[in-house]
Amino acid sequence: MCTTCGCGDETNTRVSTLDGTQPILEHQHPHEHEHPHPHEHPHTHEHPHTHEHQPVTITLEQNLLAKNDLLAARNRGWLAGRGIRALNVMSSPGAGKTTLLVRTLTDLGGQLQAGVIEGDQETSLDADRIRAVGRPVIQINTGAGCHLDADMLQRGLDALDPQPGSTVFVENVGNLVCPALFDLGETAKVVIISVTEGDDKPQKYPHMFMAADLVIVNKSDLLPYVDFDVDDCLRQIRQINPRADFLVLSATTGDGLAAWYDWLDGSTSRSDSLTESLSDAH
Amino acid sequence: MHELSITQSLVYAVLECTGERPVTGVNLRIGPLSGVLPDAMRFCFDIVSAGTSLAGAQLKIDEPKGQARCRSCGTEFELEDLILLCPCGSADVEVLSGRELMVMSVEVA
Ligand SMILES: Nc1nc2c(ncn2[C@@H]2O[C@H](COP(=O)(O)OP(=O)(O)O)[C@@H](O)[C@H]2O)c(=O)[nH]1
Ligand SMILES: [Mg+2]
Ligand SMILES: [Zn+2]
Ligand SMILES: [Zn+2]
Ligand SMILES: [Zn+2]
Ligand SMILES: [Zn+2]
Ligand SMILES: [Zn+2]
């Protein structure tokens, strides 16, 4: 937690430069909030008398995620204005997010103009894996923070400076709980589960699956060795999210990847209608 | 624990409005589909409010039930959790309420 203000930017978020050398933007208070002050009496009077300050109820009726949602809306506009598609990729640690991204960037080569924003609590290992395949990448270290928020994505986009019309993969912090609550302003949410995690994940983490635009079951090469019922998993997802797309693949053997590449292809045009429907709603 | 950052948003939202006046009560509404656990909010609130004009304020949390409407048969029903299934068997269900994550009002001295 920030010792200056104890603010919700708990964590000394660090955003790397494109060459990965050094973190820029140490916690700098880009957010607009008042720091708390101890209560002091503004008036200058002696206190031998007892006056009651009248108790008052003040109505707020404000969404607690309003600030993040506002920043997310700003990101969404920024992305739409440049025709950039941002895909928020979420999973438990180790489900295969980085492996799938590395494989995708390698396989598609020049067909897909893309950059990556890597979210991890510590280390830049994942960013190094992306950089090794020659793509621009920004590492965001969230420290104690367990998710990316819209403010962090904005800082990541500033540092990445993606080309108009390109794709930005955002690898969120490995966690199936709170990344679902923090809208980043992304074009679509991609949730990955691996067959080694068990097929009850959708039931255990319904918020994540409810928010998903695409659910990927990864590590299908291991299906013969584990007790994972793909149909049952899909049935659970349908119960909480009837509209999500669903793919089964192996990021290491390449099995099923063609459908993922088709999805990436299709969602380029889809992103237009998505942005439209979002702006219609507002 | 995302309740920590959400509680911090809460404290700042309140301070923005109350300034330096001591806050004695904070009223929240947290729906069952909000993804936030009321108990975790209570726990975080004591930590986050310490040293501010919200310290010691009573946190009251209204926990309304969720409501949904079936698009197939039109029935409205209560949501216990995130399993969106109409008694008729259809999963084509519209969530009417339950996602609330709101600060409703505060009491200042
Ligand atoms: N067998 C198998 N292993 C995989 C597959 N995809 C990823 N892995 C392995 O799973 C581990 C975690 O992968 P990683 O991409 O780092 O996961 P992340 O934490 O979600 O980014 C690594 O050892 C990968 O080699 C797959 O499709 N099949
Ligand atoms: Mg990774
Ligand atoms: Zn700070
Ligand atoms: Zn601050
Ligand atoms: Zn006085
Ligand atoms: Zn979190
Ligand atoms: Zn029905």
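The values are calculated or read from the model by the stated rules, or taken from the named source; none is laboratory data. Predicted, not measured: the structure shown is a model, and the values here were computed from it. We place every Cβ from the backbone using ideal geometry, glycine too, and count neighbours over all the protein chains shown.
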Qualifying residues in the stretch B:12-25 (those that are within 15 Å of residue A:63 (Cβ to Cβ) and within 7 Å of another protein chain (Cβ to nearest Cβ)) - the one surrounded by the most Cβ atoms within 10 Å (Cβ to Cβ):
B:12
Identify, by number, the condition in (1) over 12 Å from the mean Cα position of the chain (by Cα); (2) over 24 Å from residue A:234 (Cα atoms) that residue B:36 doesn't meet.
(1)
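Yes/no per residue for (1) at pLDDT 95 or above; (2) more than 16 Å from ligand 1 (Cβ to nearest atom); (3) part of a loop (DSSP other than H, G, I, E, B); (4) surrounded by 17 or more Cβ atoms within 10 Å (Cβ to Cβ):
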{"position": "A:61", "(1), (2), (3), (4)": "no, yes, no, no"}
{"position": "A:77", "(1), (2), (3), (4)": "yes, yes, no, no"}
{"position": "A:105", "(1), (2), (3), (4)": "yes, no, no, yes"}
{"position": "A:123", "(1), (2), (3), (4)": "no, no, yes, no"}
{"position": "A:130", "(1), (2), (3), (4)": "yes, no, no, yes"}
Among (1) of a type outside the set (S, T, N, Q); (2) buried (at least 22 other Cβ atoms within 10 Å of the Cβ); (3) closer than 25 Å to residue A:210 by Cβ; (4) touching a strand residue (DSSP E or B) at 6+ places or on another chain (Cβ under 6 Å), there is one condition residue A:180 misses while meeting the rest; what is its number?
(4)
Filter the stretch B:72-87 down to the residues that are modelled with pLDDT of 90 or more, over 24 Å from the mean Cα position of the chain (by Cα) and surrounded by 12 or more Cβ atoms within 10 Å (Cβ to Cβ), then identify the one that is nearest to the other protein chains (Cβ to nearest Cβ).
B:72
Please indicate, with yes or no, whether at least one residue in the stretch A:112-121 is within 18 Å of residue A:190 (Cα to Cα) and assigned to a helix (DSSP H, G or I).
no
If you take the residues in the stretch A:132-153 that are surrounded by fewer than 23 Cβ atoms within 10 Å (Cβ to Cβ) and away from ligand 4 (no atom under 16 Å from the Cβ), which one is nearest to the chain's Cα centre (by Cα)?
A:147
Does residue B:107 count as within 11 Å of chain A (Cβ to nearest Cβ), buried (at least 17 other Cβ atoms within 10 Å of the Cβ), acidic (Asp, Glu) and over 27 Å from residue A:202 (Cβ atoms)?
yes
Evaluation of residue A:113 against (1) within 26 Å of residue A:215 (Cβ to Cβ); (2) buried (at least 23 other Cβ atoms within 10 Å of the Cβ) (one fails), failing number
(2)
Which listed residue is more than 29 Å from residue A:197 (Cα to Cα) and away from ligand 1 (no atom under 11 Å from the Cβ), from A:134, A:115, A:143
A:134
Of B:48, B:26, B:95, which residue is touching a residue at least 12 places away in the same chain (Cβ under 8 Å), within 16 Å of ligand 7 (Cβ to nearest atom) and of a type in the set (A, V, I, L, M)?
B:95
Residues in the stretch A:177-226 that are part of a helix (DSSP H, G or I), within 11 Å of another protein chain (Cβ to nearest Cβ) and among the aliphatic types (A, V, I, L, M): how many?
4
Filter result (closer than 17 Å to residue B:34 by Cα and away from every other protein chain (no Cβ under 14 Å)) within the stretch A:147-176
none
